[in-house]
Amino acid sequence: MQTWRSSVFMLLGLIGSLASPMTTSYAEEPGAMVDGAGFTLFGTESIKGVDAAKVERDPICDQDKRPRIAKIEPDEAKPGDKVVITGEHFGTKECFHTVTFSAASNTPVAFKFMSDSAIEATVPDAKAGMSFVIIVAGGGSAQSKPVLIKSK
């Protein structure tokens, strides 16, 4: 008997909740602030002072092609010597970012972009020993096999 009564009261409660009109509205007007929506920047400009000509000139870098270093020639060099980094998917001159040697990671490296598959870089002043060459292009970064940096 107790189970039957509780089932009837549950059914009546369900019918009563469905019969009452729904008054909850999530957005009365377009762009309205809704409680619980989190942080919003409604009404603020996203870009101030946009220059359409500059946007047209900006390069389009292919982010789908990860760069790959095939080899470094020569694979033994002294600080100040030039090495040629060859591989693929280095991108365009505008999309290529930097060259770094792990033995001198905080030292800027002078480089010359030659093509999508070749870059000439000057070995920075670094401690003698093995070092990796890391490049960063529009599609990501790549690391070479170790090269030997000789003492001056």
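The values are calculated or read from the model by the stated rules, or taken from the named source; none is laboratory data. Please read these numbers as outputs of a predicted model, since none were measured by experiment. Note that we place each Cβ from the backbone using ideal geometry, even for glycine, and neighbour counts take in every protein chain shown. Accessible surface is based on the protein model in full, side chains and every heavy atom, while ligands, DNA and RNA are left aside. Shrake-Rupley method; radii C 1.70, N 1.55, O 1.52, S 1.80 Å.
What single numbered condition from (1) at pLDDT below 95; (2) closer than 17 Å to VAL147 by Cα fails to hold for THR122? With (1) at pLDDT below 95; (2) closer than 17 Å to VAL147 by Cα applied to THR122, the lone miss is (1).
Take the residues in segment 68-96 that are of a type in the set (Gly, Ala, Ser) and assigned to a strand (DSSP E or B); name whichever of them is nearest to THR107 (Cα to Cα). Only one residue tops the list, namely ALA77.
Taken over segment 97-113, the criterion of being outside any strand (DSSP E or B), out of contact with any Gly (no Cβ under 7 Å at 6 or more places or on another chain) and either on the phi > 0 side of the Ramachandran plot or of a type in the set (A, V, I, L, M, F, W, C) (or both) is satisfied by ALA104, VAL109, ALA110. Looking only at segment 114-152, count every residue that is in a strand (DSSP E or B), in contact with a Gly (Cβ under 9 Å, 6 or more places away or on another chain) and open to solvent by less than 40 Å² (accessible area, probe 1.4 Å) and tell me the total. Final tally of qualifying residues: 7. Considered as a group, the residues in segment 73-107 that are closer than 15 Å to PRO124 by Cα and within 18 Å of the chain's Cα centre (by Cα) include one that is surrounded by the most Cβ atoms within 10 Å (Cβ to Cβ), and that residue is VAL99.
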